[in-house]
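Okay, structure first, notes after.
The values are calculated or read from the model by the stated rules, or taken from the named source; none is laboratory data. This one's a predicted model, so the numbers in the text were calculated from it and none came from an experiment. With ideal geometry, Cβ positions are generated from the backbone for all residues, glycine too; neighbour counts draw on all protein chains shown. Ligands, DNA and RNA are stripped out before the accessible areas are found, and what is left, the full protein with its side chains, is counted by its heavy atoms. Shrake-Rupley method; radii C 1.70, N 1.55, O 1.52, S 1.80 Å.
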Amino acid sequence: MCPELPSFIRRRKLLFEALRLLLGGAPHEAFDRLSDPILSLSTEADSLRDRVLGILCREAARLADDGDQQQASRYLDRVASVDPLLAKRWRARLLADESAGVERESRERISAALSGVLKTLRKESVPEEGAAAPAFRLILDDLGEYLVPLHTEFSLGHARAGRSDFGIMADLEPLHARFYVQESFHGGHSWRVAPLASAALKLDGRAVGEEGATLSPGALLALSPRVQICVDGLGEGASSVALRLVGEVECEGATRLLLMGRGSAGELTLGRGGSSSIRVAALEEELRLRLNEERTLRLRSTMPLRIGGAAGAEQELDGELSIRVPPSEHIDVLVGESCAGRPPYGVMLAPLTPVGGAEPGPRS
């Protein structure tokens, strides 16, 4: 009998599958994945579930407009099982006078917008043949997900336009901002941002010109009234920074981007110490992450590293490994050993989108 996967890996796998189903236009199936009791205390699952509930409500509106009241009611029944108040508000809305032209027009706009969003998400979930994915997902146990760009220069813009490297569904230009690494006169490297075309940017309230501005720790970058980004420093002198989207805005399904410098200057440390780039209380010893020019992510620790293998086997490593990024499927890395009933620390690497639109099956 094959051993059961640790609970934190099962949580990550369920969240990844739910996001894949949502991007594939299957909110019902995503809802089922998110209903698993193991996700009951996961804030990531709560956030993703809110997105699914919103889509189910809008699908109910579309069905009601098409005359399928019975199916619309079933959709809202599912919503009511999690958020009765939200379902009640949408039922009242759908039961309103159908002859009210303003209300009907509003619902039609919502339905059309939803259709466009899902169409865009489906298009983004299937990369062009032969094209290299521009990023990968780094999921840290207890901390959540980061989107990690692989280029030292990339663009952000409106997702629906499909012209930028990474898209945000908000009030942005098709190509809005350029992020890039610049080497200073003194030999250091820093991440900078500059507007593209007619876009406007503000950093700490000051307009950013075409010459760009450095993303300093603690700064607030405003791409538009709705899209604001906090810049989190990752250690003194480090050429890596984290970008944290404020509010309910997401970039490719993530609320944080990890901009890693290359080589030793961009190396990050995860640990409980105050000097760590990212504080992780569950790590007794530091875990180091380095993104190299040849697109490999190097992990090092004094603790043992294990990577999941076929048939439930685990490959024991000597505290160091290199993984080609982006990975073709999700890779689970266990750091350290189980102690006092606490599982090893978990790190997951995943592709930006499932290759071929299919997620590999669970390991036995």
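Miscellaneous remarks
- Pairwise label distance in nanometres, ASP36 with GLU248, each label 7 Å out on the Cα-Cβ vector: 2.6
- Remark: spin-label model distance ARG226-TYR180 equals 2.8 nm, labels positioned 7 Å along the Cα→Cβ axis.
- Database remark: amide H of GLU250 closer than 5 angstrom to the amide H of MET169 (H placed geometrically; neighbours at sequence offset of 5 or more, or on other chains; Pro and chain starts carry no H).
- Rg followed by Dmax, in Å, when the stretch 200-267 is reduced to its Cα trace: 12.5, 36
- With all protein chains kept in place, the per residue accessible area of the stretch 147-274 amounts to 45 square angstrom at a probe of 1.4 angstrom.
- Taking chymotrypsin sites (Phe, Trp or Tyr not before Pro) across the stretch 140-232, the ones in a DSSP loop with at most 16 further Cβ atoms lying within 10 angstrom of their Cβ are PHE185.
- The order of the peptides 42-48, 266-272, 138-144, 318-324 by mean Cβ neighbours within 10 Å, most packed first, is 266-272, 138-144, 42-48, 318-324.
- Amide N of the stretch 261-286 lying under 17 Å from the label point, which is placed 7 angstrom from the Cα of HIS151 along Cα→Cβ: 261-262
- Surrounding net charge for SER240, when Lys and Arg each add one and Asp and Glu each subtract one, Cβ distance under 11 Å: 0
- HIS28 accessible area, 1.4 Å probe, all protein chains in place, Å² to nearest 10: 50
- Remark: accessible surface ordering of CYS57, CYS339, CYS230 (largest first) is CYS339, CYS230, CYS57, probe radius 1.4 Å.
- Three-way shape call for the stretch 175-233 based on the alpha-carbon gyration tensor, with the a/c threshold at 1.5: oblate
- Sequence of VAL181, VAL333 when ordered by accessible area, the most exposed leading, probe 1.4 angstrom: VAL181, VAL333
- Charge tally in the Cβ shell below 11 Å around GLU284, where Lys, Arg are +1 and Asp, Glu are -1, GLU284 excluded: -1
- Solvent accessible area, Å² - ILE38, 1.4 Å probe, full protein context: 40
- Largest-first ordering by accessible area, 1.4 Å probe, given options SER328, SER216: SER328, SER216
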